[in-house]
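Contents: one structure, followed by commentary.
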Amino acid sequence: MTLLFIGGSTIFDVIIVGARCAGASLAIFLGRLGYKVLLLDKSSKMGPTLSTHIIGEVDIYKSLNINYKIENCGSPILERFRVDVEGHIFESDTVVSNRVISIRRELLDSYLLQEVSKLPNIKVNLGFNVNDIIENSKGEIIGVTGKKKGCTSNQSFYGNIIVGADGRNSLISRKVSAKTTLVNKNEELGVVYAYIKGINPMPVGTVEWYWTPNGVVIGNPIDQNMHCFAIMVPPSKFKEICNPNGFIQQLYQLRMLVPRIDNLKIAGKIKGIKKVNSNFKKPYGKRWVLVGDSSAFLHPIAGVGIDNAVCTAEQLALQLDLYLKEKQSWEESMSIYQNLRDNRILPQFYSSVSTQNFQKTNINSVQHELTSMLCTFPSLAKKIALHSNQIMTMLQEGG
Ligand SMILES: Cc1cc2nc3c(=O)[nH]c(=O)nc-3n(C[C@H](O)[C@H](O)[C@H](O)COP(=O)(O)OP(=O)(O)OC[C@H]3O[C@@H](n4cnc5c(N)ncnc54)[C@H](O)[C@@H]3O)c2cc1C
């Protein structure tokens, strides 16, 4: 297993490129197992990143030892889920997970790095931009090169395994020519997100989902009395929305939100992606492996990328451990990892495609009237509840 290099450079068990939720979590799990890990990130500080930040898992954050910090970050627990279908409201307790919360990534990613810093066998190098991989004569990846911010010369690091946790535009996946195994080229909606001040919160922490004729708007309260809003529109409307005026105007179209607006302001920058390409890659090859968005990237409408990154990092750490302890071959470990990833994320991929497809269909005036009746006649609303079994079966069968 040990590699020898002329020049005697340190050889890490694992080099991880990317130190946010996938990379930092993997470093923690491997570091706790005693491995010598190098964690690199081109950012010097974990600042804001494109994400609405909703997380639904609990146990994984407990095992990362950051759950207490998450629950005390100032964001309310999101107990309710409210769907506004062009003015018709459906609302209930959140059922998909035991605890839903939205946490700014500056906080979440820093909590992870604080845990990393407790492990002396993890070396962290922030502000280091990896620009290439190093291969041996057999074409196996044995290290990475890059530049530290402010330095002009390249520096190289060597490791037994190189992990690309470098996000949806992963350099590592490009350099190793990771094969794309599934892609949705017909993604309907681009995404723009911003933090908003000046919206009075719902009395109980609530995720608000608005189906509008233009697309989807998702909003939720975060810390500092702010809300995080993501507006999802077709690429043709992206430019209109991806600026402060356009974004604010779009929020003013939400009739049921407007009464809660009081001196609305955008805090920080508006960020967006015009064209999203959900995709899956073959996540491993000789001595390299991908985790997080670099391995499988879903449309943000799925709202599960953070949990997926963290949970698959744990599964990867387990499989790497079995390989490094020579209890399993590389192929065995990595194919198990890939299966676990696919079992978790593939259904979410298909579900996000189908959710986006709903955007194409508009509700006609007759359907509007009938929906109003279903929402406002108490006996009809109760009948819906009483017939929920049949309605669910009918909807799942595509009726
Ligand atoms: C608009 C939007 C909304 C979203 N909303 C949600 C949500 O509500 N809930 C949810 O769970 N998920 C959401 N997601 C998805 C979630 O943000 C991602 O799945 C998650 O950030 C993936 O984590 P990661 O660690 O794999 O990658 P990233 O968070 O992208 O981190 C990659 C890291 O790699 C570093 N890096 C990249 N290239 C290099 C290089 N060459 N050298 C060194 N370092 C490098 C970057 O600096 C970065 O820090 C959303 C995504 C978008 C775009």
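The values are calculated or read from the model by the stated rules, or taken from the named source; none is laboratory data. What you see is a predicted model, and the numbers here were worked out from it, not measured in a lab. Don't worry about glycine lacking a Cβ; one is built from the backbone with ideal geometry, like all the others, and counts go over all protein chains shown.
Quick one: would you say Gln348 is in a helix (DSSP H, G or I), within 15 Å of the ligand (Cβ to nearest atom) and modelled with pLDDT of 95 or more?
Yes, satisfied.
Exactly one of (1) aliphatic (A, V, I, L, M); (2) more than 16 Å from the ligand (Cβ to nearest atom); (3) farther than 22 Å from Thr10 by Cβ is unmet by Ala178. Its number?
Of the numbered conditions (1) aliphatic (A, V, I, L, M); (2) more than 16 Å from the ligand (Cβ to nearest atom); (3) farther than 22 Å from Thr10 by Cβ, the odd one out for Ala178 is (2).
Of the residues Ile70, Ile77, only one is surrounded by fewer than 16 Cβ atoms within 10 Å (Cβ to Cβ), in contact with a strand residue (DSSP E or B) (Cβ under 7 Å, 6 or more places away or on another chain) and of a type in the set (Val, Ile, Thr); which?
Going through Ile70, Ile77 in turn, the sole match is Ile77.
Run down Lys62, Lys123 and say which single residue is of a type outside the set (Gly, Ala, Ser), more than 28 Å from Cys151 (Cα to Cα) and more than 11 Å from the ligand (Cβ to nearest atom).
Result: Lys62 is the single residue among Lys62, Lys123 that is of a type outside the set (Gly, Ala, Ser), more than 28 Å from Cys151 (Cα to Cα) and more than 11 Å from the ligand (Cβ to nearest atom).
Kindly list, by first and then second residue, each pair from a residue in the range 293-308 that is farther than 18 Å from Lys275 by Cβ and assigned to a loop (DSSP other than H, G, I, E, B) to a residue that is more than 6 Å from the ligand (Cβ to nearest atom) and not basic (Lys, Arg), limited to pairs with Cβ atoms under 7 Å and residues at least 6 apart or on different chains.
Final answer for the pair search is Ser295/Pro283; Val304/Leu298; Val304/Gln348.
Counting only residues that are touching a Leu at 6+ places or on another chain (Cβ under 6 Å) and polar (S, T, N, Q), how many does the range 26-57 have?
Matching residues across the range 26-57 total 1.
Can you tell me which residues in the range 267-286 are modelled with pLDDT of 95 or more and among the basic types (Lys, Arg)?
Lys281, Lys282
Of Ser388, Ser372, Ser352, which residue is over 21 Å from Ala302 (Cβ atoms), in contact (Cβ under 8 Å) with a residue 60 or more places away in the chain and out of contact with any Asp or Glu (no Cβ under 7 Å at 6 or more places or on another chain)?
Within the list Ser388, Ser372, Ser352, the selection yields Ser372.
Under 8 Å between Cβ atoms, at least 6 apart or on separate chains: pull out the pairs that start in the range 31-49 with a residue that is assigned by TED's automatic domain parsing to the domain that holds Phe157 and end on any residue that is among the aromatic types (Phe, Trp, Tyr) and within 11 Å of the ligand (Cβ to nearest atom).
As it stands, the answer is Leu40/Phe128; Asp41/Phe128; Lys42/Phe128, since those pairs meet every condition given.
Given the residues Asn245, Asn186, which is the only one that is of a type outside the set (Val, Ile, Thr), surrounded by fewer than 21 Cβ atoms within 10 Å (Cβ to Cβ), more than 28 Å from Ser294 (Cα to Cα) and away from the ligand (no atom under 16 Å from the Cβ)?
Asn245
Checking the condition touching a strand residue (DSSP E or B) at 6+ places or on another chain (Cβ under 7 Å) and either without any contact (Cβ under 8 Å) to a residue 24 or more places away in the chain or closer than 21 Å to Val17 by Cβ (or both), which residue from Lys282, Lys265, Lys271, Lys325 passes?
Lys282
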